[in-house]
Amino acid sequence: MSGNNGFLTAADIFAAPIPTEIVEAFGGKVMVQALLEGRVGAMKLDEMTTEERGYRVMVACVVDPETKQPIFTEADIERMPNLANGEMRKISLAIQRVNGWTVETITKNSQTQVDDSATDSPVILG
């Protein structure tokens with residue numbers, strides 16, 4: 001920290017690492033990264049169904065470990081419902097952890113009621 005009295009400067013904040021987590025899923029490893037602020041506004045999450053929101057957040061947060069760029073594209077969303085739910089849920093829970101989301105904060109920030117025991121689609125909201 002280079003700020004006064006323990007307070008961060010803008011340079012400190014811009015240099016801070018983006019939270020990531022490695023997840024064992026689909027017989028291998030994937031990296032999830034916290035949702036970047038610039039991607040949130042472009043996604044218009046409040047205009048989507050819970051399922052759409054979950055898949056779009058997954059597209060934005062599952063990244064290549066070297067480039068930190070998303071490995072999925074918007075075109076992959078239509079194929080995601082055909083993936084194993086248990087494996088998708090592992091990734092979904094990691095996304096929630098790196099973003100600091102809980103069912104309580106998701107429900108508070110969304111007009112959709114969330115059941116954290118649901119298994120139909122990934123529960124990923126912000």
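For segment 25-59, what are the residues that are within 16 Å of ASN85 (Cβ to Cβ) and either of a type in the set (D, E, K, R) or in contact with a strand residue (DSSP E or B) (Cβ under 8 Å, 6 or more places away or on another chain) (or both)?
VAL30, GLU51
Just name the residue that is modelled with the highest pLDDT out of those in segment 41-63 that are among the hydrophobic types (A, V, I, L, M, F, W, C) and over 13 Å from the mean Cα position of the chain (by Cα).
Step by step, filter segment 41-63, then rank; the result is MET48.
Tell me, please, whether a residue that is modelled with pLDDT under 90, part of a helix (DSSP H, G or I) and surrounded by fewer than 13 Cβ atoms within 10 Å (Cβ to Cβ) can be found in segment 94-104.
yes
Could you name every one of the helices (runs of 4 or more DSSP H) located completely within segment 1-92 that has at least 3 residues being crowded, with 17+ Cβ neighbours inside 10 Å and out of contact with any Phe, Trp or Tyr (no Cβ under 7 Å at 6 or more places or on another chain)?
By residue number, 50-61.
What do you reckon, is ALA60 without any contact (Cβ under 8 Å) to a residue 12 or more places away in the chain and either within 24 Å of ALA16 (Cα to Cα) or acidic (Asp, Glu) (or both)?
no
Has segment 19-26 got at least one residue that is within 21 Å of GLY100 (Cα to Cα) and of a type in the set (Asp, Glu)?
yes
Quick check on my filter: what residues within segment 1-37 are under 13 Å from the mean Cα position of the chain (by Cα) and not β-branched (Val, Ile, Thr)?
PRO19, GLU21, MET31, GLN33, ALA34, LEU35, LEU36, GLU37
The values are calculated or read from the model by the stated rules, or taken from the named source; none is laboratory data. Everything numeric here is computed off the predicted structure, so don't read it as measured data. Every residue, glycine as well, gets a Cβ built from its backbone with ideal geometry; the counts of neighbours run over all protein chains shown.
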